[in-house]
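*Asks:* Below is one structure. I have some questions about it.
No value in this document is a laboratory result; all are computed from the given coordinates. Model, not experiment: these values are computed from the prediction. Neighbour counts run over all protein chains shown; Cβ positions are idealised from the backbone, glycine included.
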Amino acid sequence: MTSNTIKTTARPIFPFTAIVGQEEMKLALALNVIDPKIGGVIIMGDRGTGKSTTIRAITDILPEIEVVEDDPFNSHPNDFELMSDDVRAKIEQGLKPKIVLKKVMMVDLPLGATEDRVCGTIDIEKALTEGIKAFEPGLLAKANRGILYVDEVNLLDDHLVDILLDSAASGWNTVEREGISIRHPARFVLVGSGNPEEGELRPQLLDRFGMHSEIRTVKNPELRVQIVEQRSDFDKNPQESLAKYQTLQEEFRNKIIKAQELLPQTTIDYKLRVKISQVCSELDVDGLRGDIVTNRASRAYAAYEGRTQVTVNDIKSVITMCLRHRLRKDPLETIDSGDKVQKTFEKIFSDIV
């Protein structure tokens, strides 16, 4: 069961549906929420374009999830892949865990975080003296079944980025120390943001993010005025602003819930899958991540639109975000804006568009 009503939080968060001018970023986040296996999104763009605001806003609007009460890993009460070993052992013994509804977590990863803070630590002294595995959960445990947000990801230590990406891909975090090993589920949507002026991520790390969203400062003067007025109204009276967007927020939340339910039934024709791989091959995309992510994102987009059959238009809507960051071979190159991907798409799909 999920809760469908939007509650007013103690600290009001700017409504997601009120954000204008950043449609690509909003879509990338929505698709990753529908199918976390897409592999997260990296959002690169100018300062002051609402990256952090948008990520916090989508977390606030998401439906509540069922978790096992008092479990530090937000364990799923039924899915073994999303529960800790302790909860699983109790269920296998026939014990029924107490279930509570909880808001989806958004965990902020500070730039100066250490590996222990991210992964968690094992208390060796307690393990040796008392014979129990004493584990202090880290940020990855807190982020299980939620969103892990790394601002300025391009300034984060490569080693930590590797750890985050490995956990996001496998869905598990393993901590080993002095021969003692503890693992726990860590299935989260990894969202990174940054300003390209401060440096790009290495191509090998970029490739591990499912999608890439590029955002620019809005140039249209009328739209800029609208954004400034919306923000000003929200800061003056947050509750009134939230009430104004209540219906749109509810509609968006219901759309996400419906898409999550519809996703397992979505299919993509063989000929379309071949065309996607043709695009990847033509663009000389290394590996098969591009093919896999484009297939997943197309299915999530179809579900988002309330359909079970993927169309050419669904693929067109997501393929740029799935492939543009995989074209860089040289760390000194800039990321393609998407023109190259779209031109190749038009050429290969021309016979069925």
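*Asks:* Which of the residue pairs 102/255; 219/258; 37/98; 258/316 have a Cα-Cα distance greater than 25 Å in the structure shown?
*Replies:* Among 102/255; 219/258; 37/98; 258/316, the Cα-Cα distance tops 25 Å for 219/258; 37/98.
*Asks:* If you take the Cα atoms of the stretch 264-349, find Rg, then find the Kirkwood Rh from the mean of 1/r over all pairs, what is Rg/Rh?
*Replies:* So for the stretch 264-349, dividing Rg by the Kirkwood Rh gives 0.98.
*Asks:* Among 184, 159, rank each residue by its count of other Cβ atoms within 10 Å, from fewest to most, as a rough exposure measure.
*Replies:* 159, 184
*Asks:* Calculated FRET efficiency, residue 313 and residue 254, Cβ-Cβ r, R0 30 Å, to nearest 0.05?
*Replies:* Calculated value: 0.85.
*Asks:* Another question, if that's okay. Run the dipole for the stretch 264-349 about the Cα centre, Lys and Arg Cβ at +1, Asp and Glu Cβ at -1, nothing else charged, and hand back the magnitude in debye, nearest 20.
*Replies:* So the magnitude is around 200 debye.
*Asks:* Could you tell me which residue out of 153, 223, 322 lies farthest along the dipole of the chain toward its positive end? Charges go on the beta carbon: Lys and Arg +1, Asp and Glu -1, centred on the Cα centre.
*Replies:* So the residue we want is 223.
*Asks:* Let me ask something else. Let me know the charge dipole size of the stretch 78-234 about its Cα centre in debye, to the nearest 20, where only the beta-carbon of Lys, Arg (+1) and Asp, Glu (-1) is charged.
*Replies:* 840 debye
*Asks:* Per-residue ellipticity at 222 nm for the chain, helices alone: DSSP H runs ≥ 4 residues times -39500 (n - 2.57), over residue total, nearest 500 deg cm²/dmol?
*Replies:* -13500 deg cm²/dmol
*Asks:* Using Cα-only point scatterers and the Debye equation, what is log10 of I(q)/I(0) for the chain at each q in 0.10 Å⁻¹, rounded to two decimals?
*Replies:* Listed by q, the Debye log ratios stand at -0.66.
*Asks:* Out of 124, 134, 55, whose Cα points farthest toward the positive end of the dipole of the chain (charges: +1 Lys, Arg; -1 Asp, Glu; placed on Cβ)?
*Replies:* 55
*Asks:* Which order, highest average first, do 12-23, 228-239 follow once you tally other Cβ atoms within 10 Å for each residue and take the mean per peptide?
*Replies:* 12-23, 228-239
*Asks:* Highest mean first, how do 170-177, 266-273 rank when packing is the count of other Cβ atoms within 10 Å averaged over residues?
*Replies:* Output ranking for 170-177, 266-273: 170-177, 266-273.
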